[in-house]
Amino acid sequence: LDQIATLMERNSIKRVPIVKDGQLVGIISRANLIQAVACKHASLEIPGIDAAIRDKLLAHLKSQPWAHTALLNVTVNDGVVDLWGMTSSDTERTAIRVAAESILGVRAVNDHLVIGPRLLSA
């Protein structure tokens, strides 16, 4: 987070693309940085169980043709999942929340998702 915040400040930009193996996998915005800080009360390191919950949820959603994971940000703190980003419908929003709630170790899910314009399937 520190490196991304420094990059944004140094270059006066509001978003940073995240690239893996030459492919765009996401974009981090200033809002995402604030969300991460707001959801984490002590340190910004993700404990093992929280990281496992996040990884399991994102892996499941990436395998679903209806899920738009590039527009989704997931944070987990002490088993509490916070969902941020944009979905294309109320049905998708509900399905993402239910998927998070079904993961072993999740104590609660905070849904901060918004419904945006209809998205095309990749």
Placed amide H near residue 110: partners under 5 Å, 5+ positions off or other chain:
81, 82, 83
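Using only DSSP helix segments of four residues or longer, with each worth -39500 (n - 2.57), what per-residue ellipticity at 222 nm results for the chain after dividing by its residue count and rounding to 500?
Calculated mean residue ellipticity at 222 nm is -12000 deg cm²/dmol.
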Around residue 94 (Cβ within 14 Å, Cβ-to-Cβ, excluding residue 94; K/R +1, D/E -1) the net charge comes to -2
Please report, in debye to the nearest 20, how large the charge dipole of the chain is about its Cα centre when each Lys and Arg carries +1 at its beta carbon and each Asp and Glu carries -1 there.
300 debye
For residue 87, residues with placed amide H under 5 Å, excluding near neighbours
114, 115, 116
For residue 28, residues with placed amide H under 5 Å, excluding near neighbours:
16, 18
Considering the alpha-carbon set of the chain alone, what are its Rg and its Dmax in angstrom?
14.6, 41
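Relative contact order, percent, of the chain when contacts are C-alpha pairs under 8 Å separated by at least 6 residues?
19 percent
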Quick one: if you stick a label point 7 Å off each Cα along the C-beta vector at residue 37 and residue 110, how many nm between them?
1.5 nm
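Taken together, the values in this text are just the output of simple stated rules run on the coordinates, not laboratory data. Every value quoted in this text rests on a predicted model; they were computed, and no experiment measured them. Positions of Cβ are backbone-derived with ideal geometry, glycine not excepted, and every protein chain shown enters the neighbour counts.
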